[in-house]
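For reference, the structure discussed in these notes is given below.
The values are calculated or read from the model by the stated rules, or taken from the named source; none is laboratory data. Note that the structure is a prediction, hence the values are computed from the model and not measured. Virtual Cβ from ideal backbone geometry, glycine too; neighbours counted across all protein chains shown.
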Amino acid sequence: MQFINLRAQQQKIKPEIDAAIARVLEHGQYIMGPEIGLVEQQLANFCGVKHAITCASGTDALVMALLSKKLDSADAIFVPTYTFAATAEAVVWSGAQPVFIDCLPDTYNMDPNSLSAAIKLAKKRGLNPVGIIPVDLFGQPVDYNNIGQIAKDNDLWIIADSAQSFGATYYGKKVGNLADITTTSFFPAKPLGCYGDGGAIFTNDDQTAEILKSIRIHGHGPDPTQYVRVGINGRFDTIQAAILIEKLKVFPEELEARQQLANTYSHGLQHIVNVPTVDTGNSSAWAQYTIKLPEGVERSRVIQDLKQAGVPSAIYYPWALHQQPVYKKYLTATGGSLPVSEGLIRQVFSLPMSGYVTQHEAKQVVSAVTKALECQQEMLASVEII
Ligand SMILES: *Cc1c(COP(=O)(O)O)cnc(C)c1O
């Protein structure tokens, strides 16, 4: 069993992928070839948003979105601490300062109360709050109504880091259409991945779209030989676009299969561990199916038992960002520890997830987790008796 079964997907669509790559080799426009415009149109249609701008990675998508804002070194941008490094890294690249926010104990997404506290504290410390980068962790959209209201009240913009949630919905609206600017990633392990690095930015604003396209190619102006801003080389490869076009065709059925798998896991495990909570109004793209073990259960032993039973797993994330050596110096919502995230990182881990986990494999996972837990509960019980 694989943690993410990319091979099964490749086998399913191999002739189409081969033909798509062959077409690019034939026309030879490896940079900004016709597949770029085509996939951008399809991505925009998929999420019901006006503009999709592809780029070289989910990290570049964040960097480009931030470069489209005029930022200062005293500007504070609020990011969750329980996320992948890129979210905070992009802020530091942009020249502003990340301020770390704690997460909710049920969905693990950004906690609105922690956010409000952080905005107050940042002002008190002489920082200038300008924006929020919520992350749709593990594939579930954050509460955009709630976070959006806080943004409005404090005159902040929102860049949604939806690297893990492409394909998810919030009250019927698709990710890509839930914030001023949305970024995503096509890293192979994400819900919609290509066969290399890739990403995209979504917006309904024409002017923002023009600026992002300019930033993507070194900041060129309407005359491509003139540079009107400092940009980057943030282009998506034509070959990756050609691959993504084929993968997008099977993506809806893969999302369905991910949901089925999550249902099977939750049904089998809900009485013994904390299974993921999906809020009313939300659907998840299930980037990860992450469970939380009860207090006292030793995670490393459970993971070891699973490994012996042939079930791979992974820890997302072993550290919260405000604990990382390079990010320790930045402000947090409390000015110190962020207890919910600090607790979670010790008790969570993720189970195999893709659109290609068989029913048999899913049952194997459920029974392996159940056995590993029973094993530890017996040990704990015997310790108590002594
Ligand atoms: C994967 C990820 C990114 C970065 O995407 P890359 O394509 O790997 O650069 C950013 N934010 C989050 C939350 C991610 O999970």
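One line per residue, one yes/no per condition, for (1) over 26 Å from SER165 (Cα atoms); (2) away from the ligand (no atom under 16 Å from the Cβ); (3) touching a Leu at 6+ places or on another chain (Cβ under 9 Å); (4) outside the structural domain of ILE77 (by TED's automatic domain parsing):
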position	(1), (2), (3), (4)
VAL275	no, yes, yes, yes
SER283	no, yes, yes, yes
GLU295	yes, yes, no, yes
ILE303	no, yes, no, yes
PRO318	no, no, no, yes
LEU321	no, no, no, yes
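Restricting attention to the stretch 133-156, which residues are more than 20 Å from PRO105 (Cβ to Cβ) and either more than 19 Å from the chain's Cα centre (by Cα) or buried (at least 24 other Cβ atoms within 10 Å of the Cβ) (or both)? Show your work before the answer.
Taking the stretch 133-156 and keeping what is more than 20 Å from PRO105 (Cβ to Cβ), we get 133, 148-149, 151-156.
Hits for the stretch 133-156 are ILE133, GLN149, ALA151, LYS152, ASP153, ASN154, ASP155, LEU156.
Pairing each residue of the stretch 60-71 that is within 13 Å of VAL91 (Cβ to Cβ) with any residue that is within 11 Å of the ligand (Cβ to nearest atom) and assigned to a helix (DSSP H, G or I), provided the two are 6+ apart or on different chains, yields C-beta distances under 6 Å for LEU62/ALA90; VAL63/ALA90; LEU66/ALA90.
Report yes if VAL49 is in contact with a strand residue (DSSP E or B) (Cβ under 7 Å, 6 or more places away or on another chain), assigned by TED's automatic domain parsing to the domain that holds ILE181 and either without any contact (Cβ under 8 Å) to a residue 40 or more places away in the chain or β-branched (Val, Ile, Thr) (or both), otherwise no. Steps first, please.
Details: in contact with a strand residue (DSSP E or B) (Cβ under 7 Å, 6 or more places away or on another chain): yes; assigned by TED's automatic domain parsing to the domain that holds ILE181: yes; either without any contact (Cβ under 8 Å) to a residue 40 or more places away in the chain or β-branched (Val, Ile, Thr) (or both): yes.
Yes; evaluated as a whole, the condition is true for this residue.
Looking across the stretch 168-200 at every residue that is of a type in the set (Phe, Trp, Tyr) and closer than 23 Å to LYS213 by Cβ, the one that is nearest to the ligand (Cβ to nearest atom) is identified as PHE187.
Report whether or not LEU38 is over 19 Å from the mean Cα position of the chain (by Cα) and either part of a helix (DSSP H, G or I) or more than 16 Å from the ligand (Cβ to nearest atom) (or both). Steps first, answer last, please.
Values: over 19 Å from the mean Cα position of the chain (by Cα): yes; either part of a helix (DSSP H, G or I) or more than 16 Å from the ligand (Cβ to nearest atom) (or both): yes.
Taking the combined requirement at face value, the residue satisfies it.
If I filter the stretch 347-362 for residues that are surrounded by fewer than 14 Cβ atoms within 10 Å (Cβ to Cβ) and closer than 16 Å to TYR289 by Cα, do I get at least one hit?
Yes, some residue in the stretch 347-362 is surrounded by fewer than 14 Cβ atoms within 10 Å (Cβ to Cβ) and closer than 16 Å to TYR289 by Cα.
For PHE3, the criteria (1) part of a helix (DSSP H, G or I); (2) surrounded by fewer than 18 Cβ atoms within 10 Å (Cβ to Cβ) hold in every case but one, which is (1). For the stretch 54-127, the helices (runs of 4 or more DSSP H) that sit wholly inside it and include 3 or more residues that are closer than 20 Å to TYR144 by Cα, assigned by TED's automatic domain parsing to the domain that holds LEU156 and more than 14 Å from the ligand (Cβ to nearest atom) are 112-124. The residue list PRO252, PRO222 contains one member that is modelled with pLDDT under 95 and either more than 16 Å from the ligand (Cβ to nearest atom) or under 24 Å from PRO34 (Cβ atoms) (or both), which is PRO222.
Within the group SER350, SER367, which residue is under 16 Å from ALA262 (Cα atoms), of a type in the set (Ser, Thr, Tyr) and not in a helix (DSSP H, G or I)? Break it down into steps so the answer makes sense when it comes.
On the way: SER367 fails: not in a helix (DSSP H, G or I).
On inspection, the qualifying residue turns out to be SER350.
The single condition among (1) over 30 Å from GLY126 (Cα atoms); (2) surrounded by 14 or more Cβ atoms within 10 Å (Cβ to Cβ) that GLY310 does not satisfy is (2). Screening GLU295 against (1) assigned to a loop (DSSP other than H, G, I, E, B); (2) within 22 Å of the chain's Cα centre (by Cα); (3) over 23 Å from PHE3 (Cα atoms) leaves a single unmet condition, (2). In the set SER116, SER94, only one residue is buried (at least 20 other Cβ atoms within 10 Å of the Cβ) and among the polar types (S, T, N, Q); that residue is SER94.
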